[in-house]
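Shown next, in structure tokens, is the structure this report addresses.
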Amino acid sequence: MSENPNEIDVYAMAQQLGEPGRSPGSTAGRDEKDSVQDKLEKLTEKYAELYCLSRSVWELLEETTALTEADLQKKFDIVKSRQKLATKPKAQGCPQCERPLQRIEGKHHRCIYCGYIQEFSSPFDKLL
């Protein structure tokens, strides 16, 4: 995958993920392909946001401290080694009714029972 999020070819990725065995003129499965395209576009947006956030944090650290690329690589290796698959945090409890909050991707948490909305507190929350 390209380091620059603007160079990602979403169309080519969608073509690679298309179902084999379908005839080119067939309309069956078109909704599934549209769904895959939508997912790829959301993934591309998240990737671009993550790239910008990570780059911004690194540039701030580099400008204000004596950290080097080697320090960054060491820390990256440590964090990656302790990361588990599917690290999404568990749902928080609603402060009003104590039921689990629903995560609205990239926006906020919302309680489907009482309507309470909790904004994300960190830019990293949007990425999970």
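Where a number appears in this text, it was derived from the coordinates with a stated rule and is not lab data. Model, not experiment: these values are computed from the prediction. As a convention, Cβ positions derive from the backbone with ideal geometry for all residues, glycine included, and neighbour counts pool all protein chains shown.
Quick notes
- For LEU61, net neighbour charge (Lys/Arg +1, Asp/Glu -1) across residues whose Cβ lies under 12 Å away: -3
- Phi to ³J(HN,Hα) by Karplus 6.51 cos²θ - 1.76 cosθ + 1.60 over segment 63-68, Hz, x for Gly, Pro: 6, 10, 9, 9, 5, 10
- 3J(HN,Hα) along segment 32-41: 5, 5, 4, 5, 4, 4, 4, 5, 5, 5 Hz, from the Karplus curve 6.51 cos²θ - 1.76 cosθ + 1.60 with θ = phi - 60°, whole Hz, x for Gly and Pro.
- In order along segment 95-101, the Karplus-derived 3J(HN,Hα) couplings, from 6.51 cos²θ - 1.76 cosθ + 1.60 at θ = phi - 60°, round to x, 8, 10, 6, 8, x, 7 Hz, and Gly and Pro are given as x.
- Placed amide H near GLN102: partners under 5 Å, 5+ positions off or other chain: ARG110, CYS111, ILE112
- Label sites at LEU60 and TYR47, each approximated as a point 7 angstrom past Cα along Cα to Cβ, lie 2.5 nm apart.
- For the peptides 58-69, 41-52, the ranking by packing is 41-52, 58-69, with the highest mean count of neighbouring Cβ atoms within 10 Å listed first.
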